[in-house]
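One structure below.
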Amino acid sequence: MALVIPNEVKVGVVGGGGREAAMVEALLGDKRVKRIDCFPGREGYRIGHEDRVQCHPDIPASYASKIAFRSRDLELGLVIAGPEIFLANGGADKLREFRIPVVGPSKVAAQLETSKVYAKRLFLSQGVPTPAFEIANNPESAIQIVNRWFEGKKVDALVLKADGLADGKGVIIAHSLDQAMAGINNIMVDGLIHKTYPDAGSFLVVEEFLEGHEASFTVWTDGTNICDAPVFVDHKAAFNGNQGPNTGGMGSYGPDPQFTPELRDKVMARIVRPIIEGMRAEGHPFQGVLYVGLMIVKGEPYALEVNVRLGDPEAQGILPLLKSSFLELMWACATGGMDVMRPEWYSDKVAICLVLASKEYPDPGQKGLWIQGLGKASQLPVQILHAGTKKDGNGFVTDGGRVVNVVAVGRDFGEARGRVYGAAKEIRWPGVRCRTDIGKG
């Protein structure tokens, strides 16, 4: 049975970062997309497409109910969830009440990302390979756990994870007992993470530290059928050589040359399908995007984390490699048509996404700094995606930590790197920085 899509579709995109900019660009390539409404979006999304792209800066992604009501009023035919906060606040549930097709799981199913404790317990029940862990519900129990691991088990390192949402910044790798104690304070007591995300650290996952190759595995599912994307590698650390604090991501590259077809089959059989089948068995079918953060140790995959939406900055690299229609893929995911979906990917191309960030990132960056060179960079063979910018008169100023994403496609990583860093040199503001090793492997 063929997939049936209206000749004209009005699409909603929830979010206002680089990931959502990439989705808008992918949708604009389909003539059936009549209009795109972004909640809140950014003015940079509209450059050259002012007639088709509208932004609603008064409706941030966290305003789930308001987005649902506005989507109904605008008669949107499809809504794509970007950030997890919209799903955590029940946005997909409300849209389904209005019978608006949406790409994204229910609030309950979104706990796979909104609660690391929930995800870990599901992994255990479904036999999903994951690092060993313990759960602490207060700082005192966390201290007892890390003491036991460092002094009793004699581990060299531990991973501390805030249970709740922290914009990708709630993970600390501790290489000593002192670092672990500082991490507990940071997440659960009075550190920066606790102050910024006070509810995230009510519970703490203390996890075995695995060394290996990290990769991001992304699938779309209607709750039963699955389509997977090229596997990408995300760079979380702030500085070259994976040094410095954890961020929401400083860049990505893919397809991952180390990821084999055999490994893909293992991930699907041992991790992805058990998670989806487990959610269905619990009465909470998972529909939308499932992103699994993997650690590959001696050829064996382990699930480190699960996200319930496209990764950022992985999405920025994945979507330019999609040869077939992004609209069709989203429509099939939202309406239960994944059984007939066969997305086509460019097999002879690779992509790199480079994040240009403020000098303070992952701490909040200085806003209002003039950005120069966007026009010149956009004339080069790259995509310039507005992730944290704000229109000011005829130009743009900084408005976030991750300010601009530069995305390049090439025949190989050498060509893509040349393009992405060539364009990045043209974009300037006081304190701009980026990693210089994205795509080197």
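Suppose the filter is crowded, with 19+ Cβ neighbours inside 10 Å and more than 19 Å from Val14 (Cα to Cα); does Thr114 pass it? Break it down into steps so the answer makes sense when it comes.
On the way: crowded, with 19+ Cβ neighbours inside 10 Å: yes; more than 19 Å from Val14 (Cα to Cα): no.
No; evaluated as a whole, the condition is false for this residue.
Taking region 268-300 as the search range and keeping residues that are among the charged types (D, E, K, R) and crowded, with 16+ Cβ neighbours inside 10 Å, which one is farthest from Ala229 (Cα to Cα)? If you could, list the steps in order and put the result at the bottom.
As a first pass, look at region 268-300 and keep what is among the charged types (D, E, K, R): 270, 273, 277, 280, 282, 298, 300.
When the remaining residues are screened for being crowded, with 16+ Cβ neighbours inside 10 Å, the result is 270, 273.
Values: Arg270: 17, Arg273: 15 Å.
That would be Arg270.
Out of region 422-441, which residues are modelled with pLDDT of 95 or more and out of contact with any strand residue (DSSP E or B) (no Cβ under 7 Å at 6 or more places or on another chain)?
Matches in region 422-441: Gly422, Lys425, Glu426, Pro430, Gly431, Thr436, Asp437.
With the condition kept exactly as written, say whether any residue in region 377-398 is under 30 Å from Thr196 (Cα atoms), assigned to a loop (DSSP other than H, G, I, E, B) and out of contact with any Pro (no Cβ under 7 Å at 6 or more places or on another chain). Talk me through it step by step, then tell me what you get.
Kept after step one, since they are under 30 Å from Thr196 (Cα atoms), are these residues of region 377-398: 384-392, 396-398.
If we keep only those that are assigned to a loop (DSSP other than H, G, I, E, B) as well, we get 387-388.
Okay, now just the ones that are also out of contact with any Pro (no Cβ under 7 Å at 6 or more places or on another chain), so 387-388.
Checked region 377-398: at least one residue is under 30 Å from Thr196 (Cα atoms), assigned to a loop (DSSP other than H, G, I, E, B) and out of contact with any Pro (no Cβ under 7 Å at 6 or more places or on another chain).
Given (1) farther than 30 Å from Asn7 by Cα; (2) open to solvent by less than 10 Å² (accessible area, probe 1.4 Å); (3) assigned to a loop (DSSP other than H, G, I, E, B); (4) of a type in the set (Gly, Ala, Ser), identify the lone condition not met by Ala303.
(3)
Give me the residue from region 82-102 that is aliphatic (A, V, I, L, M) and more than 12 Å from Ser62 (Cβ to Cβ) and, out of that set, surrounded by the most Cβ atoms within 10 Å (Cβ to Cβ). Spell out how you get there, then give the answer.
In the first step, residues of region 82-102 are kept if they are aliphatic (A, V, I, L, M); the result is 85, 87-88, 92, 95, 100, 102.
Applying the additional criterion that residues be more than 12 Å from Ser62 (Cβ to Cβ) yields 92, 95, 100, 102.
Numbers: Ala92: 28, Leu95: 28, Ile100: 20, Val102: 30.
Restricting to residues being aliphatic (A, V, I, L, M) and more than 12 Å from Ser62 (Cβ to Cβ), the top hit is Val102.
Of all residues in region 236-278, which are more than 21 Å from Leu310 (Cβ to Cβ), of a type in the set (S, T, N, Q), modelled with pLDDT of 95 or more and outside any helix (DSSP H, G or I)?
Correct list: Gln258, Thr260.
For region 1-50, how many residues meet the condition of being free of Cβ contacts under 8 Å to residues at least 40 places away in the same chain, part of a strand (DSSP E or B), open to solvent by 10 Å² or more (accessible area, probe 1.4 Å) and under 20 Å from Ser325 (Cα atoms)?
Total satisfying the criteria: 2.
Can you tell me which of (1) open to solvent by 40 Å² or more (accessible area, probe 1.4 Å); (2) assigned to a strand (DSSP E or B); (3) modelled with pLDDT under 95 is the one Asp167 doesn't meet?
(2)
I want to confirm something. Restricting to region 385-441 and keeping residues that are under 19 Å from Thr247 (Cα atoms) and of a type in the set (S, T, N, Q), which single residue is most open to solvent (accessible area, probe 1.4 Å)?
My answer is Thr436.
Quick one: which residue in Glu207, Glu214 is closer than 30 Å to Ser106 by Cα and surrounded by fewer than 19 Cβ atoms within 10 Å (Cβ to Cβ)?
Values: Glu207 fails: surrounded by fewer than 19 Cβ atoms within 10 Å (Cβ to Cβ).
Exactly one of Glu207, Glu214 is closer than 30 Å to Ser106 by Cα and surrounded by fewer than 19 Cβ atoms within 10 Å (Cβ to Cβ), namely Glu214.
Look at Ser176 and say whether it is of a type in the set (S, T, N, Q), out of contact with any Gly (no Cβ under 6 Å at 6 or more places or on another chain), touching a residue at least 12 places away in the same chain (Cβ under 8 Å) and at negative phi.
Working: of a type in the set (S, T, N, Q): yes; out of contact with any Gly (no Cβ under 6 Å at 6 or more places or on another chain): yes; touching a residue at least 12 places away in the same chain (Cβ under 8 Å): yes; at negative phi: yes.
Against the criterion (of a type in the set (S, T, N, Q), out of contact with any Gly (no Cβ under 6 Å at 6 or more places or on another chain), touching a residue at least 12 places away in the same chain (Cβ under 8 Å) and at negative phi), Ser176 qualifies.
The values are calculated or read from the model by the stated rules, or taken from the named source; none is laboratory data. From a predicted model like this one, the values you see are computed outputs, not experimental measurements. A quick note on method: Cβ atoms are made from the backbone with ideal geometry, for glycine too, and the neighbour counts reach across all protein chains shown. Please note that ligands, DNA and RNA were not included when accessible areas were found on the heavy atoms of the full protein model with its side chains. Shrake-Rupley method; radii C 1.70, N 1.55, O 1.52, S 1.80 Å.
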